[in-house]
Amino acid sequence: MIRLLLASVALLSLAGCDSSSDFVYTRAPGYLLENDPSTPTIRVPSQISPGVPVQVTVTTRNNGCTEMGDTEVAFVDGVVEIRPYDLRRVYNETRWCTGEGESDHPHVVTVTFPEAGPAIIRAVGEIRVGMESVTPQVAELGIVVR
């Protein structure tokens, strides 16, 4: 009798979980990292030369309920602006996410700085505040192209 009860509880628990492919996703600004020195939000090579393409990585945080999306890049007034997007699960009363499996999403883009001198790389995303709300977030990195 106890085994039957435990088996029934286990089956009911599994019935409430959806597989990852059952979720609906929406494109949203990525969650930027919060002052984590072990994984900076923006990473670039140590040497950047004018006219030479370089890879820039902007890392967003997967809270267990997102998948990596696309990345937009633009030059705005001499600033390289990178907007990483991730795919967030859309919830309703039958689909939910436990937030397990936190990891990082490395958004890698290739940019070319046309001339030598100081430059700024700006990442534009969001940061999670509590369980429900998100706040716009900007991270910047000053570099010297030589």
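Some points to look at:
- FRET efficiency, Thr112 to Val134 (Cβ-Cβ, R0 41 Å, nearest 0.05): 0.80
- Mean Cβ count within 10 Å, highest first, over the residues of peptides 26-34, 114-122, 43-51: 26-34, 114-122, 43-51
- Å³ per residue enclosed by the Cα convex hull of segment 25-71: 96
Taken together, the values in this text are just the output of simple stated rules run on the coordinates, not laboratory data. Remember, predicted model here, so these are calculated numbers, not experimental data. Using ideal geometry, Cβ is built from the backbone for each residue, glycine included, and neighbour counts are taken over all protein chains shown.
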